[in-house]
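First the structure, in the form of structure tokens, and then the observations on it.
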Amino acid sequence: MNEPKNDAPWAMHPEPGPLAVAPAGVGGYPAPTPAEAAEFSLLMSLALDEALEPAEMARFQRYLATYPTLATQWRRWQQMDERLRAVPAMEPPPEFRANVLARLDRQTRRQRLWLGTGIAFLSLLLWLTALGGTYLLVTFLFFQQAEWLVHLVHWVAYWSAAASEGLAALRATVISLLATPQVRLLCGMYLLSAFLILGLWTRLLRRSTQVEPGVWAEG
């Protein structure tokens, strides 16, 4: 089988003889140390990706010239890489993406449905528990604490009437005060000062957030 040609600079090294395929240390050829073998494997990966630096390229070529077994390993890696690159890329069928998206959509809908059902069930359970507790409490108060319940109703009615009378008195006082010219003048000055302060604050806020065109150019 003819070996593929490679124009890369690290491929230009002396071809080892027939004895180069012998195991390391056999036949008088020097054997690389484990550290050198590990580094050579890393350099081979970088060489296949054409990512070797000049210093790494020099070490890689030195390994190829010094250790014939490493040179043989490099040729095998090149052949394997070329065979892998020659394999055509597998394209998924056109309906594959649509099927995956449809399956994900069905799964998402199913999860949302279960989540919504669980939330609705818990909400209904809480409402039933609250209604049941309220019913039991009212029943207990009506049959066991009737006198206390009557006092409670009287107390609520009394304070409700007092609050209504207080609000009515406050409303009458405000209306009578607004009928005087002095109070109207004070209210007008207050509203005018409030609008002025709001306008100044808005103008200051716009100036503080405004960016000059030169700032954008520098950024």
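Determine if segment 13-32 includes at least one residue that is at pLDDT below 90, under 52 Å from the mean Cα position of the chain (by Cα), surrounded by fewer than 10 Cβ atoms within 10 Å (Cβ to Cβ) and under 15 Å from Gln78 (Cβ atoms).
no
Can you tell me which condition Ala65 does not meet? The list is (1) among the small types (Gly, Ala, Ser); (2) under 40 Å from the mean Cα position of the chain (by Cα); (3) in the same structural domain as Leu46 (by TED's automatic domain parsing), and all the others hold.
Going through the list (1) among the small types (Gly, Ala, Ser); (2) under 40 Å from the mean Cα position of the chain (by Cα); (3) in the same structural domain as Leu46 (by TED's automatic domain parsing), Ala65 breaks only (2).
Every residue, every condition in (1) farther than 30 Å from Gln61 by Cα; (2) within 36 Å of the chain's Cα centre (by Cα); (3) modelled with pLDDT of 90 or more; (4) not hydroxyl-bearing (Ser, Thr, Tyr), yes or no:
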{"site": "Ala86", "(1), (2), (3), (4)": "no, no, no, yes"}
{"site": "Met90", "(1), (2), (3), (4)": "yes, yes, no, yes"}
{"site": "Phe96", "(1), (2), (3), (4)": "yes, yes, no, yes"}
{"site": "Arg103", "(1), (2), (3), (4)": "yes, yes, no, yes"}
{"site": "Gly133", "(1), (2), (3), (4)": "yes, no, no, yes"}
{"site": "Val138", "(1), (2), (3), (4)": "yes, no, no, yes"}
{"site": "Ser164", "(1), (2), (3), (4)": "yes, no, no, no"}
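Please work out which one of (1) of a type in the set (Asp, Glu); (2) assigned to a helix (DSSP H, G or I); (3) under 40 Å from the mean Cα position of the chain (by Cα) is the condition Glu36 fails and give its number.
Checking Glu36 against (1) of a type in the set (Asp, Glu); (2) assigned to a helix (DSSP H, G or I); (3) under 40 Å from the mean Cα position of the chain (by Cα), the one that fails is (3).
So the check is Cβ under 7 Å with 6+ separation or different chains; which pairs have a first residue in segment 183-211 that's under 23 Å from Thr173 (Cβ atoms) and a second one that's part of a helix (DSSP H, G or I) and at pLDDT below 85?
These pairs meet every condition: Val183/Leu177; Arg184/Leu178.
The values are calculated or read from the model by the stated rules, or taken from the named source; none is laboratory data. A quick note: this is a predicted structure, and the numbers were derived from the prediction, not measured. Please note: Cβ atoms are built from the backbone with ideal geometry, for glycine as well, and neighbour counts cover all protein chains shown.
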